[in-house]
Amino acid sequence: MIRKLALAALAASLLSSPALAAEKLKIETSKGCSFDITLRSDLAPKHVAQITKLAKDGFYDGIVFHRVIDGFMAQTGDPTGTGMGGSKLPDIKAEFTPEPFKRGTVGMARSSDPDSGNSQFFVMFAPGDFLNGQYTVWGQVDETGMACVDQIARGEPPATPDKMIKVTVE
């Protein structure tokens, strides 16, 4: 009887617990290095959900870094490589927060419409306070990972753009 109650209590607790959310994206690059993005679902749950869905579906595999501005950021996530493309998923309403754009911050790229984020994102090389409250922050790359990001070829577009070879959710 006690054993059945214990099993029932365990089952109930497992069923009532929320599913474990993804904590990071691992991005393997054509530079032969990789970096992790710590996902910030506490700041931008809809953005993190869309990014992780796209990553799980293999959407990001093979996509180039199409806009890389030294001292500013590296942008990717456009399947056309032009900066004008996106996924077939709907655009996401902005999730602006007071979280500052600093080195390693990952933000959602968009058009002039704040609610046009879709699949493109950028990683900051340096602080960008002018973006604060204007773009959605959804992740962070630590300094170890930034050693890889710092190697990405510069240009708009780069002459020989680097790629995200494989993007996995962990």
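Tabulated data
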| quantity | calculated |
| --- | --- |
| ILE69 accessible area, assembled protein chains, probe 1.4 Å, Å² | 40 Å² |
| Under DSSP loop assignment and at most 13 Cβ neighbours within 10 Å, longest trypsin sites (Lys or Arg not before Pro)-free interval of the chain | 1-87 |
| Inter-site label distance for ASP113 and ASP142 at 7 Å from Cα along Cβ, in nm | 3.8 nm |
| Nearby lysines by direct alpha-carbon distance to LYS93 (threshold 23 angstrom, same-chain neighbours under 8 apart not counted) | LYS24, LYS46, LYS53, LYS56, LYS102 |
| Rounded to whole Å, sorted largest first: equivalent-ellipsoid semi-axes of the stretch 91-164, Cα gyration tensor | 22, 16, 10 |
| Scattering curve values for the stretch 121-170, log₁₀ I(q)/I(0), Debye with Cα scatterers, q = 0.30 Å⁻¹ | -1.30 |
| Net charge of neighbours whose Cβ lies under 13 Å from the Cβ of LYS93, counting Lys and Arg as +1 and Asp and Glu as -1 | -2 |
| Angle between the chain longest axis and helix 45-56 axis [Cα atoms, degrees, rounded to 10] | 80 degrees |
| Stokes-Einstein D (µm²/s) once Rh is taken as the Kirkwood radius of the stretch 38-170 over alpha-carbon pairs, at 4 °C in 1.567 mPa s | 89 µm²/s |
| Efficiency of FRET from Cβ geometry, GLU156 and ALA126, R₀ 22 Å, rounded to 0.05 | 0.85 |
| Environment charge of LYS24, counting only residues whose C-beta is closer than 12 Å and scoring Lys/Arg +1, Asp/Glu -1 | -2 |
| Cut-off 12 Å between beta-carbons: net charge of the residues surrounding GLY71, Lys and Arg +1, Asp and Glu -1 | 0 |
| Crossing angle, helix 2-16 versus the chain [Cα axis fit, 0-90 degrees, rounded to tens] | 30 degrees |
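The values are calculated or read from the model by the stated rules, or taken from the named source; none is laboratory data. Since this is a predicted model, take the numbers as computed values, not measurements. Methodologically, a virtual Cβ is constructed for each residue, glycine included, from the backbone with ideal geometry; neighbour enumeration extends over all protein chains shown. Heavy atoms of the whole protein, side chains included, go into the accessibility calculation; ligands, DNA and RNA do not. Shrake-Rupley method; radii C 1.70, N 1.55, O 1.52, S 1.80 Å.
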